[in-house]
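Here the structure comes first, spelled out in structure tokens, and everything after it is commentary.
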Amino acid sequence: MYDFPDKVFLNGAILATSEAKVSVFDRGFLFGDGVYEVMTCYRGQIFCKETHFQRLYESLKKINLSFAMDGIHEPLDDLLQACDLDDKDCMIYLQITRGVAPRKHAFPKNTMPTLMMYALPFSGLEVNQTPMHVVQLPDYRWHRCDIKMTSLLGNVMSHANAKEQNAHEAILVRNGVVTEASHSNVFFVRDDLLYTHPANELILNGITRQVVIRLCKELKLKVREEAVGKAEALQMDEAFLTGTTTRIASIKQMDAHLFYQGDEAGTVTKALQEAFLNFQFDSSRVK
Ligand code: PDD
């Protein structure tokens with residue numbers, strides 16, 4: 001699933017992956033100076049495409065990188081066709097960096113941004129059945145986690161730490177409250193009320209998070225965009241992760257605490273997983 005693709009799109013051309021080369025002076029390589037999106041595509045339709053492109057636009061704006069986004073759509077279609085994925089389910093990775101320039105901290109003038117995209121087969125058309133084991137770890141990241149940027153060392157180190165503890169994901173804690181996870185958002189449920197960290201500069205406002213909040217409204221479930229304390233998190237009835245590739249995954253274990261026995265997720269989590277599957281099949285709503 002997460003292998004190398006055979007082909008990638010790089011700066012205007014679809015190339016064999018082995019032929020696709022980026023300068024060592026690309027600011028993405030030197031500074032992590034770039035932004036990205038991960039999207040899924042089902043039956044030839046990109047899931048929440050408008051919302052993903054809106055977030056990409058906002059990320060570009062926040063890092064002051066001007067890029068003609070209209071130019072992405074046609075090459076993306078061409079890439080999916082070239083990879084024989086235009087009518088199959090796949091995930092798409094798209095990255096824009098500030099391009100190649102002498103290594104100076106100041107933003108360079110008149111550089112061509114680097115656009116790289118690839119797609120891989122991905123089947124997300126069933127509920128994520130993995131009962132997640134997560135560990136709480138300090139959120140070491142900077143204060144602009146709302147930007148979907150390629151400098152992910154804080155996320156990667158937290159995830160590696162979780163893996164070393166045989167957990168699936170790291171739940172990040174800043175100033176005593178849960179923010180999000182290393183590559184997903186977190187929701188908690190208590191007495192049929194959902195809690196998730198507000199979409200401020202301390203988390204990435206996940207597209208899946210946004211869909212879940214919308215689905216909660218439809219299911220008449222109340223959501224409080226309020227941070228949950230580190231200890232309070234362990235008192236909750238249910239907890240789950242959301243993300244483009246994670247989808248909605250129930251958390252079974254956080255640190256030594258078990259939210260449930262066996263393999264059956266909590267009722268609110270299951271209801272949302274079901275609603276999410278239906279949403280995904282509804283081509284008029286996933287625009
Ligand atoms: N990660 N929070 C963080 C830190 C993330 O990296 C992600 C996504 C999310 C969930 O966002 P969304 O629902 O839009 O996928 C939350 C992607 C998938 C990644 O880096 O691979």
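The values are calculated or read from the model by the stated rules, or taken from the named source; none is laboratory data. Computed from a prediction, not measured in an experiment: that's the story for all the values here. Positions of Cβ are backbone-derived with ideal geometry, glycine not excepted, and every protein chain shown enters the neighbour counts. Accessible surface is based on the protein model in full, side chains and every heavy atom, while ligands, DNA and RNA are left aside. Shrake-Rupley method; radii C 1.70, N 1.55, O 1.52, S 1.80 Å.
Of the strands (runs of 3 or more DSSP E) contained entirely in segment 175-287, those carrying at least 1 residues that are closer than 25 Å to LYS163 by Cβ fall at 177-181, 185-190, 193-196, 238-243, 247-254. For beta carbons closer than 7 Å, sequence separation of 6+ or different chains, a first residue in segment 148-161 that is modelled with pLDDT of 95 or more and part of a helix (DSSP H, G or I) and a second that is within 10 Å of the ligand (Cβ to nearest atom) and open to solvent by 40 Å² or more (accessible area, probe 1.4 Å), the qualifying pairs are ASN155/HIS183; HIS159/HIS183.
Pairs meeting the criteria (first residue in segment 183-212 and open to solvent by 20 Å² or more (accessible area, probe 1.4 Å), second residue within 8 Å of the ligand (Cβ to nearest atom) and among the basic types (Lys, Arg), beta carbons under 9 Å, at least 6 apart or on different chains) are ALA199/ARG209; LEU204/ARG55; LEU204/LYS148; ASN205/ARG55. Looking across ARG224, ARG174, one residue alone is closer than 20 Å to ASN155 by Cβ, basic (Lys, Arg) and surrounded by fewer than 23 Cβ atoms within 10 Å (Cβ to Cβ). It is ARG174.
Could you tell me whether any residue of segment 153-167 is in contact with a helix residue (DSSP H, G or I) (Cβ under 9 Å, 6 or more places away or on another chain), aliphatic (A, V, I, L, M) and either within 11 Å of the ligand (Cβ to nearest atom) or under 25 Å from LYS49 (Cβ atoms) (or both)? So far as segment 153-167 goes, no, none of its residues is in contact with a helix residue (DSSP H, G or I) (Cβ under 9 Å, 6 or more places away or on another chain), aliphatic (A, V, I, L, M) and either within 11 Å of the ligand (Cβ to nearest atom) or under 25 Å from LYS49 (Cβ atoms) (or both).
Those residues that are out of contact with any Phe, Trp or Tyr (no Cβ under 7 Å at 6 or more places or on another chain) and either at positive phi or not small (Gly, Ala, Ser) (or both), I need them from segment 79-97; list them, please. The answer is LEU80, GLN81, CYS83, ASP84, LEU85, ASP86, ASP87, LYS88, ILE92, THR97. Scan segment 216-234 and tell me whether some residue there is under 18 Å from HIS143 (Cα atoms) and within 13 Å of the ligand (Cβ to nearest atom). No, the conditions are met nowhere in segment 216-234. All of PHE240, PHE279 fail the test of being within 15 Å of the ligand (Cβ to nearest atom) and either out of contact with any Ser or Thr (no Cβ under 9 Å at 6 or more places or on another chain) or without any contact (Cβ under 8 Å) to a residue 12 or more places away in the chain (or both), apart from PHE279.
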